[in-house]
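Worksheet: one structure, shown below.
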Amino acid sequence: MAVFALGDREPSIDPTAFVHPDATVIGSVTIGPESTVWPGAVLRGDYGEIIVGARTSIQDGTVIHATDDHFTRIGDDCVIGHIAHLEGCTVENGSLVGSGSVILHRAVIHSGALVGAGAVVPNDMDVPSGAMALGVPAKIRENTVAPGTFDINVASYVANGKRYRAELRRID
């Protein structure tokens with residue numbers, strides 16, 4: 001895996017996490033227990049801090065960045081879909097961020113919320129717990145996501161991370 005310190009900014013990756021060899025982690029990035037970071041994902045903590053909680057999956061091609069003023073925080077038990085872009089935002093526990101979506105500065109995705117595939121969550125948007133944010137720009141549909149909806153997804157990625165840690169090998 002490509003893990004880099006930048007000056008005094010150094011990643012902290014829990015030993016039970018799985019970071020794919022083709023992912024890139026730079027600077028002030030914390031990755032929690034049993035979390036997974038898949039091929040092509042870039043977590044670049046060169047200006048501000050990025051925190052990924054426990055059992056959270058960062059899918060292929062996702063880009064996570066932060067600014068000096070706006071750190072990026074992703075809670076426990078989250079699924080961040082393929083090719084998503086998160087910058088200077090907060091995604092609380094148990095949330096799902098769909099593939100190809102964008103979440104920008106100071107936006108907050110509250111616990112158990114869903115950001116739909118391809119949605120753009122603009123600066124300062126607040127997505128309530130149990131709501132969906134859909135479209136460009138995102139519009140909120142409240143009370144549409146039942147608690148625990150993403151539990152099976154989270155468990156699947158934790159198991160897959162363990163499988164990869166045990167079985168992945170390069171053959172060329």
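Quick note: the coordinates plus some simple rules give every number you see, no bench work behind them. Just so you know, these numbers come straight off a predicted model, no measurement behind them. Positions of Cβ are generated from backbone atoms using ideal geometry, with glycine treated the same way; all protein chains shown enter the neighbour counts.
In the stretch 74-89, which residues are of a type outside the set (Gly, Ala, Ser) and in a loop (DSSP other than H, G, I, E, B)? Step through it out loud before you land on a result.
Going through the stretch 74-89, the residues of a type outside the set (Gly, Ala, Ser) turn out to be 74, 76-80, 82-83, 85-87, 89.
Passing the criteria: 76, 77, 78, 82, 83, 89.
What's the number of the only condition in (1) out of contact with any Gly (no Cβ under 6 Å at 6 or more places or on another chain); (2) under 20 Å from residue 50 (Cα atoms) that residue 160 fails to meet?
So residue 160 meets the others, but not (2).
Take the stretch 122-172 and flag every residue that is in contact (Cβ under 8 Å) with a residue 12 or more places away in the chain, more than 20 Å from residue 99 (Cα to Cα) and outside any loop (DSSP other than H, G, I, E, B).
Correct list: 162, 164, 165.
Considering only the stretch 127-163, how many residues are exposed (fewer than 15 other Cβ atoms within 10 Å of the Cβ), under 21 Å from residue 76 (Cα atoms) and of a type outside the set (S, T, N, Q)?
9
Out of 117, 84, report the one residue that is among the hydrophobic types (A, V, I, L, M, F, W, C) and either over 15 Å from the mean Cα position of the chain (by Cα) or closer than 20 Å to residue 51 by Cβ (or both). Full working, then the answer.
Working: 117 fails: either over 15 Å from the mean Cα position of the chain (by Cα) or closer than 20 Å to residue 51 by Cβ (or both).
Result of the check over 117, 84: 84.
Which of the residues that make up the stretch 21-48 are touching a Ser or Thr at 6+ places or on another chain (Cβ under 6 Å) and not in a strand (DSSP E or B)?
Narrowing the stretch 21-48 to residues touching a Ser or Thr at 6+ places or on another chain (Cβ under 6 Å): 30, 33-36, 41-42, 45, 47-48.
If the condition is that a residue be touching a Ser or Thr at 6+ places or on another chain (Cβ under 6 Å) and not in a strand (DSSP E or B), then 33, 34, 35, 41 are the ones that fit.
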